[in-house]
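Input: a single structure, listed below in structure tokens.
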Protein chains: 2
Amino acid sequence: MAFVQLSRLTARPIEHDTVVRNLIESAKLFDGDPACLLYLVTESVDSPHDIWVVDVWTDEEAHSNALQAPELQPYIAETKPLLTGVPEQIRLTPRGGKGLPIG
Amino acid sequence: MAFVQLSRLTARPIEHDTVVRNLIESAKLFDGDPACLLYLVTESVDSPHDIWVVDVWTDEEAHSNALQAPELQPYIAETKPLLTGVPEQIRLTPRGGKGLPIG
């Protein structure tokens, strides 16, 4: 069953652009992964310090496995210290709608 | 520029399934709208009362226009009284990533 995760990250202000860039760079690792259906790096319109990542995977296990990829670890190690605290993560199960396979 | 909105809705417990069904039904109105790239109706894994809608549009104006459609109004009128309060809405601007046109 498809799996959706919303993650809210807040960077130290001077590091905001670096964090956005790191997230976009690291997302390239998922380009060839058919289990990754969507990985959007976004900024909040109303709270400009908030970075949200919206990702959709074929299933939650595929997502967990992708986070273990050795190529991803340098991005995680570099980005974590630039954040103000631990990212908020919201795990979701799709029930219906438009635009992606959600079976 | 593409526009993403996250909406968190909480229904009165006895109305939860009705609200999910109404959202999925009303999403069918967007099936033929090329400006609607994604409209996912989801439930929180960890807070089962929370319903999240994740939608992506070609631009924010297209989203605003879609909400004005006369066919949508009965769904809104029926669903609003089933909620416990006003939905939380988070407006986002995509900066990069995988899976959708974001130009």
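Tell me, what is a quarter of the convex hull surface for the C-alpha atoms of chain A, in nm² with one decimal?
Values: hull surface 26.8 nm².
Approximately 6.7 nm², given one-decimal rounding.
Debye sum, Cα scatterers, segment B:2-53, no solvent: what log₁₀ I/I(0) at q = 0.18, 0.27, 0.30 1/Å?
Calculated log10 I(q)/I(0) at the listed q: -0.61, -1.09, -1.21.
Which net charge results for the neighbourhood of A:Ser47, defined as the other residues with beta-carbon distances under 11 angstrom from its beta-carbon, given Lys and Arg at +1 and Asp and Glu at -1? It would help to have the intermediate numbers written out before the result.
Values: positive: A:Arg8, B:Arg91; negative: A:Glu43, A:Asp46, A:Asp50.
Summing Lys and Arg as +1 and Asp and Glu as -1 gives -1.
Please give the charge dipole size of segment B:41-90, origin at the Cα centre, charges +1 on K and R Cβ atoms and -1 on D and E Cβ atoms. Round to the nearest 20 debye. Each step should come with its number before you reach the end.
Values: 1 positive and 10 negative charges, 43 e Å.
Magnitude of the dipole: close to 200 debye.
I'd like the carbon and sulfur percentage of the solvent accessible area for segment A:1-72, probe radius 1.4 Å, heavy atoms only, ligands and nucleic acids excluded.
Values: 1670 of 3180 Å².
Whole-percent figure for carbon plus sulfur exposure: 52.
Rounded to the nearest 100 Å², what is the sum over both chains of accessible area buried where A meets B, with a probe of 1.4 Å?
Values: alone 6460 and 6480 Å², together 10030 Å².
Using a 1.4 Å probe on protein heavy atoms, the buried area is about 2900 Å².
Go ahead and estimate [θ] at 222 nm for chain A from helices alone: -39,500 (n - 2.57) per DSSP H run with n ≥ 4, summed, over the residue count, rounded to 500.
Details: 3 runs with 27 residues, N = 103.
Calculated from helices alone, the mean residue ellipticity at 222 nm is -7500 deg cm²/dmol.
What percentage of all Cα-Cα pairs in the protein assembly as shown are separated by more than 27 Å? Provide the component values of the computation, followed by the final result.
On the way: 6286 of 21115 pairs.
Here the long-distance tail beyond 27 Å is 30 percent of all Cα pairs in the protein assembly as shown.
Whole number in Å², please: accessible area per residue of chain B, 1.4 Å probe, ligands, DNA and RNA not counted.
Values: 5020 Å² over 103 residues.
On a per-residue basis, chain B sits at 49 Å².
Assigning unit charges at the beta carbon (Lys, Arg +1; Asp, Glu -1) and nothing else, what dipole magnitude in debye, to the nearest 20, does chain A show about its Cα centre?
Working: 8 positive and 15 negative charges, 43 e Å.
For this selection, approximately 200 debye.
The values are calculated or read from the model by the stated rules, or taken from the named source; none is laboratory data. Since we're looking at a predicted model, the values are computed, not measured. A quick note on method: Cβ atoms are made from the backbone with ideal geometry, for glycine too, and the neighbour counts reach across all protein chains shown. Areas reflect the complete protein model, heavy atoms only, side chains present, ligands, DNA and RNA absent. Shrake-Rupley method; radii C 1.70, N 1.55, O 1.52, S 1.80 Å.
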